[in-house]
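Visitor: Following this message is one structure expressed as structure tokens.
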Amino acid sequence: YVLPGEVMEFHRAGQVITVQAVIGGKSQVFTLTNLSSVRRRQDLGPTGVEDMICLSNYTKISISSKVWSSAVGNTYTGSILVAVNPYRMFDIYGLDTVKKYEGQILGTLPPHIFAIGSAAYSRMSKDSTNQCVVISGESGAGKTESTKLIMQYLAAVNKSQSNLITEQILEASPLLESFGNAKTIKNDNSSRFGKYLEVYFKDGVITGARITEYLLEKSRIVTQAHEERNYHVFYELLAGLPEESKAKYGLTSADKYFYLNQGGSCQLEGKYDGEDLQALLSAMQVLGFSTQEQDTIFRILAAVLHLGNVYFHRKQLRHGQEGVEIGSEAEIKWASHLLQIDDEARNERVFTPLNIDQALDARDAVAKALYSSLFSWLVRRINQIIHKGSRKTHISILDIFGFEIFKENSFEQLCINYANEKLQFHFNKHIFKLEQQEYAKEKIDWQNIEFQDNLPLIELVARKPVGILHLLDDESNFPKATDHSFLEKCHYNHALNELYSRPRMSSMEFGIKHYAGQVWYSVEGFLDKNRDTLRNDVVELLISSKLSMLSEMFLDVRLSSENKTLTKANGRFVTMKPRTPTVAARFNDSLTHLMEGMAKCNPWFIRCIKPNNEKAPLKLDMPCVLEQLRYSGMLETIKIRQQGFPVRLRFNHFADRYRCLVPGQVPRADGESPRAFDSSFLWSTFLSDDSSTSVNHVSLVKVGTTQHIHPQEHFIKHLLQLIAFIPDV
Ligand SMILES: Nc1ncnc2c1ncn2[C@@H]1O[C@H](COP(=O)(O)OP(=O)(O)OP(=O)(O)O)[C@@H](O)[C@H]1O
């Protein structure tokens, strides 16, 4: 197999080349004199196994050698692209590559992310059907980069006369990355929210787009683990704003803010925060954000930082009650000045005896509400700008937070991992369930392929009435419930479920056996995080702001939790206090909505693979890679794609298209059904008995046929070449 490496030196006179390769985690240098054995990675060509289903043996070994040989790039499994993150940008995403892949049929060129973009775009244009590119993989595997590359491809091939809307859609990405991405221990640019981007087309032209956001990680705004950072935008602001602007917002440097310095270092190697602020400002300009909107955004960000530096002293109140006194009046003054809240109104409203922990929690709750409302406002504002024009068909791209296992896993990880389970279910449904149901329906002689069905896990987490998230919701609506009572209920209902584990000690956690591994969730803070309520007096205070943008944001917050007047069947009105939807309930609803939307689209899957856990360039850590291939079901996928019939051709389509390949005089199918035609003249002539089968209205073809040393191989190759030139009708 082929080893990936980097050319260190080339002695033209001596025709000697020095190559460095990383083998088993160790860097080694080779001197090669046989230059014909050296090939550019992107030219690995048909002799490399680009399509995993062409592997003669889908054992772990052969898969690993394949992935190794395509460390820079990608490999197909049917219409699933397996993309290995090289952790180094290669010059393979330019306009020349776009042109190369544009309009090409999947599989005719070496695997590339643009091939999926091209296939989705062609299918949408040809069939007028909606397409969905589902990008999955663990944190740091390359989902966000893949999303951007697909979008870049679509922007380049769309036939629009004006570029403005396309440019605005493209600029929405860096803007949301600034506000929604952060350094984690797994990924320096980790998306801390899920994103579903629908790009609308009319006659092949991009007319608009819409972004749906999922569950921004709020806890990061007020706490960060060691070696992690808060959202990029804060550091960008402090590094990039001129001194006079910083003075206007009362800001100094990142290390001075509690909300920014908890992770240790405020710097991120390889990221130039100051320059990124300029990119953010230009993105805002392209999107048409007004100066006033930009100013309000910066005011809110600065106010959050000031709030983080507010501290309290213990104070004995009358009647022996414990209370606190603000020890940093200046920070409070700055926050209220920036948010344009009347000082008197502030003093009047926020006055409740709290202990220090409660006071800190209250402070953090305001900071989280400010930032997350700002984030939702940004998404809504971007949508106002880009969600327009005719919406005939769309290509959507799903980039949702990757599966996460940390040392400490909390409510956020449960939601993220549950979302990944739903995605895996969607994948299984398309690749295994629907496929095998089709074989059964068509009565094809078929040995069922087992796959890891994760439905039981989804039920454990979300099935009514005792799924973990439902138990959490019930407890969240109980004023006296605690994290402990919630845990007790989980143990009581699920202790016998083999996917559920109780801790050995009496620690406050439960374990879940996810498809990607066992995760222990610590339930401390689950109820508060799920309730996510902001005190009414604080909401009212923020509504009273003279900044109309801020005031409207919190009017929306009030609206979402207001009493509703409902009409009864007998015509009388009753006022009901509905349960405010919890975070888990809203997240579950939005996931269900997402899955329903995706189910109506033709799917394309991109499985991103993380090459190692050290974020090291061009280093392939085999156990790490194999583990991802294993749990994502790739072994079974290769099997079903290899043994099954993933290529579907309608009889008449097939007959019309390949009639020209039959040597000699071929009778037209006059009076005869196209099915009879193709059976007698094509399949039986060229393909071995078990490589295809004909059912009601389609021919099902195996793909692995190309592998056999048989005259058919020549035919298939010839056929594939021809396919490349025959317009895809
Ligand atoms: N195709 C690529 N070429 C070069 N580098 C890449 C590529 N894809 C990803 N990377 C590198 O890997 C890093 C992590 O990728 P990315 O942020 O896309 O991961 P992710 O799967 O979206 O992770 P998360 O779930 O944490 O958001 C990128 O910042 C980039 O440095």
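Visitor: List pairs: first in the range 82-105 and aliphatic (A, V, I, L, M), second in a loop (DSSP other than H, G, I, E, B) and more than 16 Å from the ligand (Cβ to nearest atom), Cβ under 8 Å, 6+ apart or cross-chain?
Guide: Qualifying pairs under 8 Å: ILE105/ASP728.
Visitor: Here is a check on your reading of the model: is LEU197 within 18 Å of ASN383 (Cβ to Cβ), touching a Ser or Thr at 6+ places or on another chain (Cβ under 7 Å) and either β-branched (Val, Ile, Thr) or part of a loop (DSSP other than H, G, I, E, B) (or both)?
Guide: Considered against the rule, which asks whether it is within 18 Å of ASN383 (Cβ to Cβ), touching a Ser or Thr at 6+ places or on another chain (Cβ under 7 Å) and either β-branched (Val, Ile, Thr) or part of a loop (DSSP other than H, G, I, E, B) (or both), LEU197 comes out as no.
Visitor: Kindly indicate the residue of the range 187-224 that is among the acidic types (Asp, Glu) and under 15 Å from ILE400 (Cα atoms) and also farthest from the ligand (Cβ to nearest atom) among those meeting that condition.
Guide: By that ranking, first place goes to GLU198.
Visitor: Assess whether ILE206 counts as being touching a Lys or Arg at 6+ places or on another chain (Cβ under 6 Å) and either surrounded by 18 or more Cβ atoms within 10 Å (Cβ to Cβ) or at pLDDT 95 or above (or both).
Guide: no
Visitor: Give just the number: which of (1) more than 16 Å from the ligand (Cβ to nearest atom); (2) under 18 Å from SER396 (Cβ atoms); (3) over 15 Å from the mean Cα position of the chain (by Cα) does ILE105 not satisfy?
Guide: Result: ILE105 passes all but (2).
Visitor: Sticking with this structure for a sec: Is there any pair linking a residue in the range 362-390 that is over 22 Å from GLY525 (Cβ atoms) to one that is in a helix (DSSP H, G or I) and aromatic (Phe, Trp, Tyr), with Cβ under 8 Å and at least six apart or on different chains, and which?
Guide: So the pair list comes out as LEU374/PHE179; LEU378/PHE179.
Visitor: Got at least one residue in the range 405-416 being in contact with a helix residue (DSSP H, G or I) (Cβ under 6 Å, 6 or more places away or on another chain) and within 15 Å of the ligand (Cβ to nearest atom)?
Guide: Yes - at least one qualifying residue is present in the range 405-416.
Visitor: Now for a different question. Name the residues in the range 220-237 that are farther than 14 Å from PHE179 by Cα and in a helix (DSSP H, G or I), would you?
Guide: Passing the criteria: only VAL222.
Visitor: In addition: Applying the selection to the range 141-169, what residues are out of contact with any strand residue (DSSP E or B) (no Cβ under 8 Å at 6 or more places or on another chain) and within 16 Å of the ligand (Cβ to nearest atom)?
Guide: GLU145, LYS148, LEU149, GLN152, TYR153
Rundown of residues vs (1) assigned to a helix (DSSP H, G or I); (2) out of contact with any Pro (no Cβ under 7 Å at 6 or more places or on another chain); (3) of a type in the set (S, T, N, Q), yes/no style:
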{"site": "CYS415", "(1), (2), (3)": "yes, yes, no"}
{"site": "ASN420", "(1), (2), (3)": "yes, yes, yes"}
{"site": "PHE427", "(1), (2), (3)": "yes, yes, no"}
{"site": "LYS433", "(1), (2), (3)": "yes, yes, no"}
{"site": "GLU438", "(1), (2), (3)": "yes, yes, no"}
{"site": "GLN447", "(1), (2), (3)": "no, yes, yes"}
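Visitor: Within the range 113-133, can you find the residues that are out of contact with any Lys or Arg (no Cβ under 9 Å at 6 or more places or on another chain) and either near the ligand (Cβ under 8 Å from one of its atoms) or of a type outside the set (Gly, Ala, Ser) (or both)?
Guide: ILE113, ILE116, TYR121, ARG123, MET124, LYS126, ASP127, VAL133
The values are calculated or read from the model by the stated rules, or taken from the named source; none is laboratory data. The model shown is predicted, which means the values in this text are computed figures rather than measured ones. In this analysis, Cβ positions are derived from the backbone assuming ideal geometry, glycine residues included, and neighbour counts consider all displayed protein chains.
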